1. With +1 on the Cβ of every Lys and Arg and -1 on the Cβ of every Asp and Glu, and nothing else charged, how large is the dipole of segment 36-128 about its Cα centre, in debye rounded to the nearest 20?
2. Over segment 150-290, what is the relative contact order in percent, taking alpha-carbon pairs closer than 8 angstrom and at least six residues apart?
3. Highest first, please rank the peptides 186-196, 150-160 by the mean number of other Cβ atoms sitting within 10 Å of their residues.
4. Restricting to Cα pairs below 8 Å that are 6+ residues apart, what does the relative contact order work out to for the chain? Please round to a whole percent.
5. Between ASN227 and LYS192, what length in nm is gained on full extension when 0.36 nm per residue of separation is reduced by their alpha carbon distance?
6. What's the magnitude of the charge dipole for the chain around its Cα centre, counting Lys and Arg as +1 and Asp and Glu as -1 at the beta-carbon? Answer in Debye, nearest 20.
7. From the square roots a ≥ b ≥ c of the eigenvalues of the alpha-carbon gyration tensor of segment 67-123, which class results: rounded (a/c under 1.5), prolate (a/b over b/c), or oblate?
8. Rg to Rh ratio, segment 145-290, alpha-carbon atoms and Kirkwood radius?
Amino acid sequence: MKTIVLFLSLFFCIPTLCAQVIIELTHKKPKDIQWKNPEKEYFSKIWNTKAVTNVSSPTLTMYQPDPEKQNGTSVIIAPGGGMYALSIESEGRKVATWLANKGVTAFILKYRLVPTGEDGIQDLVDILEKSNEERIRITQKVVPYAVNDGLNAIEYVRKNSKKLNIDPTKIGFMGFSAGGVVAFGVVNECTKENTPNFIVPVYPGTDLIDPKPNKDTAPTLFIAAANDALIDATIFTELFNRFHTAGVKTGIHLYTKGGHGFSFWKRGFPSDHWLDRFYEWAVSEEFIKN
């Protein structure tokens with residue numbers, strides 16, 4: 001797979017030095033979707049965090065750990081945002097920096113999104129107030145392209161593992177909310193070249209793709225909260241049962257508090273420390289060398 005390195009910069013991630021590389025993933029332009037506005041990053045007052053909208057060209061942003069800490073494991077991160085936006089800070093950069101500080105090479109995936117106007121998050125709010133069925137109809141058009149971006153991301157990382165100094169047998173895919181939808185698409189459509197070695201759906205969306213795990217599906221760890229206002233918690237337990245019954249090595253952390261989108265919000269709940277629990281799981285399953 002051909003890729004283009006667009007930008008290379010160095011910056012300090014306390015306490016480690018991280019190299020950040022932005023890579024454009026090869027993709028075909030869809031005939032049924034047009035993006036009239038350019039990709040945009042801005043601070044959303046609605047979400048109270050930075051967001052990215054109007055992604056039409058998928059990219060990977062790599063966060064390289066300190067060479068002395070690098071352990072060979074890599075994680076592709078797909079932020080959430082209802083397929084209308086990406087919560088790029090709390091479900092992207094902060095997670096990537098945390099992982100890099102643990103020696104994990106992290107990649108933030110900007111997958112293709114629904115074309116929007118000046119404020120994509122406001123567009124999402126407006127469509128939800130109008131009709132959830134209409135939201136599903138609109139988002140389902142872009143979902144196949146977002147899933148394709150996820151598959152291409154895995155394939156790129158594996159094909160370039162030697163150059164990236166990572167282990168091709170320890171590539172994870174972590175998807176938040178709508179990024180969890182992308183993860184489920186990866187579960188359903190992956191081949192030998194683009195199968196992740198472990199999967200971490202974090203409060204994953206469940207109304208756009210129905211995951212169909214099988215005995216070859218990678219070990220999976222679900223992260224969610226029972227008081228999620230957007231997704232009934234029984235869906236998370238049903239997903240655990242489905243993966244486990246299919247023969248997948250499956251784990252779950254279902255917290256009583258956290259809501260939807262808790263990621264890096266610190267509120268004094270056990271769910272604040274979900275990344276530590278992921279790290280412990282990955283070490284115990286030998287995906288990360290401690």
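1. 180 debye
2. 19 percent
3. The packing order, highest mean first, is 150-160, 186-196.
4. 14 percent.
5. That pair, ASN227 and LYS192, stretches by 8.9 nm at full extension.
6. Approximately 640 debye in magnitude.
7. prolate
8. Dividing the radius of gyration by the Kirkwood radius yields 0.96.
The values are calculated or read from the model by the stated rules, or taken from the named source; none is laboratory data. Please read these numbers as outputs of a predicted model, since none were measured by experiment. Backbone-built Cβ (ideal geometry, glycine too); neighbour counts: all protein chains shown. Quick note on the areas: whole protein, heavy atoms, side chains included, nothing else; ligands and nucleic acids left out. Shrake-Rupley method; radii C 1.70, N 1.55, O 1.52, S 1.80 Å.
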